[in-house]
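Please treat every number below as a calculation from the coordinates, not as lab data. Owing to the predicted nature of the structure, the values given are computational and were not obtained by experimental measurement. Counting neighbours? That spans all protein chains shown, and the Cβs are built from the backbone with ideal geometry, glycine included.
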Amino acid sequence: MSILAVLQEVKECVLVFSNYVFELDENKFKDSEECFDFVRILLLEGPENKKFSDNNKRKETSFRNYLLLRHPEFQKELDGDSKSKSFFGASWSFLETVVTELSRWLPLSESGVMIADAFWLKDKSSLLKLQKAASHFTNIFDPHSLTRFNHELEKLSVNFGMMQSLFYSPQDKIG
Amino acid sequence: MSRTLKTALKPETKLRFEMTNFLLQNNLPYSLADRLSSFVKKLVTQHTEKDLLEYSVNRNHVSRIASDFIGPSLQKDYLSKLEASAFSISVDEGCIKGNTEYIAISATFFDESNIDVTEKDKLCTKLIALIELEDSSKGETIFDKIKKFLFSGPAGETRAKNCMGIATDHATNMISSKGAGATNRMQKEFSHIIVTHDLCHALSLALKHSIQTFPKEIYNIVLQISSHFSNSPQRTSLLKNLMTVASNKAQKVNSILRFVPTRWSSFYNCLERIIEMKEQIKAYFKEYGNLDEQAYLEEPNLLMLRLSSKKD
């Protein structure tokens, strides 16, 4: 399995669990990549970010509705059952912990791993990521070849951007 | 095999029977049959009858040939490939026979010498070293061992230049916030190397910590039902008898899967099986269990178990 495929799996894993915990309006995001970038911000540590993260968390009703939307088979089980409160409570506690632990242990902020998806050339930040990677790998690029590489990358972005303009809106394309 | 059948068999069929018997007696995989046939043919064509009759090999020979000849030769081959290709390594510490600490180094590289495969399949991962740690497993020691093995000698500089990254677990002797881990030291000396936490270890740790918040009563019920049956062939047999009677012998009779806490995926599999067999387990405990055991699969426990497993 290539690192790109592994990375996609990891991102999907984070998104699946995050959707239970956070209000993620999928219409707000261009694609799951953009949604993941937003989730990554929500999962950053620090008191400032905690407030932002808390503000985006699902409220009790929203969580219940989402859980039942994803698992309609629970609806029948829980209708009028006195145990439903503790079921939703336990579910919330478990899922919230999963999201916290995923963000704690997965290398979501390690540029070495996250740089891999820049090779998809999905948006403008991909170019910056590739340029940054090239300047990091001094074992491959000496100053002269780094300049040449960046120049080639610029050319690629223009050509690739022209191709992309056939499919994407102007603000999304790479060049 | 009867005497009549023995004499009637053709030599080719007899050989097939002998080969099959050899595979079965030695618990060898059936898939080995093809390669074993080719190997026997190769032996017969490349060696004289006298050599074959005089030759002998025992486990000590095999162990010595593997460790003194084939192992080093493979290692030399892999190391030379790391001189020709960019590569990354993953390093993990382990223990053999409970008392000897080792570090295992695997490398992922492009095997350009393999011309029979597509570009994509040239990417391969090989275990390239198992290095004994002797008396210390500090970050500094691990760093020294890796450096000596990979980045010293005439080709060491080339390999250091080709090394792109290192993945390790979260052990502090590997990656430390204070900079004393083996990989921190590696990065200090070879600034281009990217260090990252291994994703499998990371996922395992995330789930290990998350399961702590899973409702204890459900966890314990699964653990107790699993232990009840896994430690006793008699109980399993009683359960199977009940199931055979209930299913009129027409259905496949399953057994309770073993739940091993250190294998976190076994919890889900065991829970699924319990839900699948809930009626039989209830009947079993009604017949043979105490009051606590009879309550395992009664409401409200059953509802929580069913909701946790999503299976009914």
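Taking Cα pairs under 8 Å and at least six residues apart, what relative contact order does chain B come out at, in percent?
For chain B, the relative contact order is 10 percent.
In units of 2.2 N^0.38 Å, what is the alpha-carbon radius of gyration of chain A?
My calculation over the Cα atoms of chain A gives 1.32.
Could you work out the mean count of beta carbons from other protein chains within 10 Å of each residue's beta carbon in B:165-174?
1
Give me B:SER31, A:SER145 ranked fewest to most by other Cβ atoms within 10 Å of their Cβ, as a rough exposure proxy.
B:SER31, A:SER145
Take each of the peptides B:193-205, B:146-158, A:118-130, average the number of other beta-carbon atoms within 10 Å over its residues, and list them starting from the highest.
B:193-205, A:118-130, B:146-158
Once phi is turned into θ = phi - 60°, what whole-Hz ³J(HN,Hα) does the Karplus curve with 6.51, -1.76 and 1.60 give for every residue of region B:293-300, x standing for Gly and Pro?
Each residue's phi maps through the Karplus curve to give 5, 5, 7, 3, 10, 9, 5, x Hz.
So what's the angle, to the nearest 10 degrees on a 0 to 90 scale, between helix A:143-164 and the longest Cα principal axis of chain A?
Relative to chain A, helix A:143-164 is tipped by roughly 60 degrees.
More than 29 angstrom separation, counting every C-alpha pair in chain B; what % is that?
63
Among A:ILE115, B:ILE281, rank each residue by its count of other Cβ atoms within 10 Å, from fewest to most, as a rough exposure measure.
Least to most surrounded, the residues fall as A:ILE115, B:ILE281.
In terms of modelled amide H atoms, which long-range or inter-chain residues lie less than 5 Å from the amide H of B:TYR102?
Under 5 Å from the amide H of B:TYR102 lie the amide H atoms of B:GLY94, B:CYS95, B:ILE96, B:LEU133, each far enough along the sequence or on another chain.
Using a Förster radius of 51 Å, what is the FRET efficiency between A:PHE29 and B:SER67 based on their Cβ-Cβ separation? Nearest 0.05, please.
0.40
In nm, give the distance between the simple-model label positions of B:THR48 and B:LYS240, each being 7 Å from the Cα along the Cα-to-Cβ direction.
Going from the B:THR48 label point to the B:LYS240 one covers 5.7 nm.
Which of B:THR20, B:THR141 comes first, and how do the rest follow, when ranked by fewest Cβ neighbours within 10 Å?
Taking fewest neighbouring Cβ atoms as first place, the list is B:THR20, B:THR141.
Rounded to the nearest 500, what is the 222 nm mean residue ellipticity of the protein assembly as shown from helices alone, with -39500 (n - 2.57) per DSSP H run of 4+ residues and division by all residues?
-18000 deg cm²/dmol
Kirkwood-based Rg over Rh for region B:3-55 (C-alpha set), two decimals?
The Rg/Rh ratio comes out at 1.04.
I'd like the orientation of helix A:32-42 relative to chain A: the angle between its Cα long axis and the longest Cα principal axis, in ° from 0 to 90, rounded to 10.
Helix A:32-42 and the main axis of chain A meet at about 70 degrees.
Could you list the residues of region B:36-51 with an amide nitrogen less than 15 Å from a label point located 7 Å from the Cα of B:ASN21 in the Cα-to-C-beta direction?
none
How far apart, in nm, are the 7 Å Cα→Cβ label points at B:CYS200 and B:SER80?
Roughly 2.9 nm, to one decimal.
Would you please give the FRET efficiency between B:LYS120 and B:LEU291, computed as 1/(1 + (r/R0)^6) with r the Cβ-Cβ distance and R0 = 60 Å, to the nearest 0.05?
Result of the calculation: an efficiency of 0.50.
Let me understand the protein assembly as shown better: what is its radius of gyration from the alpha carbons, and its Dmax, in angstrom?
Spelled out, the Cα radius of gyration and Dmax of the protein assembly as shown are 29.6, 88 Å.
Enter the mean number of other protein chain beta carbons within 10 Å of the beta carbon of each residue in A:90-100, as an integer.
Average per residue, whole number: 4.
Note down the nm distance, to one decimal, between modelled labels 7 Å out along Cα→Cβ at A:SER2 and at B:LYS14.
Placing both labels 7 Å beyond Cα along the Cβ direction yields 5.6 nm.
Which whole number gives the average, over all residues in A:6-19, of C-beta atoms from other chains lying within 10 Å of the residue C-beta?
1
How high is the FRET efficiency from A:LYS76 to B:HIS170, r the C-beta distance, R0 45 Å, rounded to 0.05?
Approximately 0.60, to the nearest 0.05.
Per-residue counts of other Cβ atoms within 10 Å, averaged by peptide: what ranking do you get for A:98-104, B:291-297, A:10-16, highest first?
A:98-104, A:10-16, B:291-297
Relative to the first principal axis of the alpha-carbon coordinates of chain A, what is the inclination of helix A:60-70, with its axis defined by its Cα atoms, in degrees from 0 to 90 and to the nearest 10?
Here the helix axis deviates by roughly 70 degrees.
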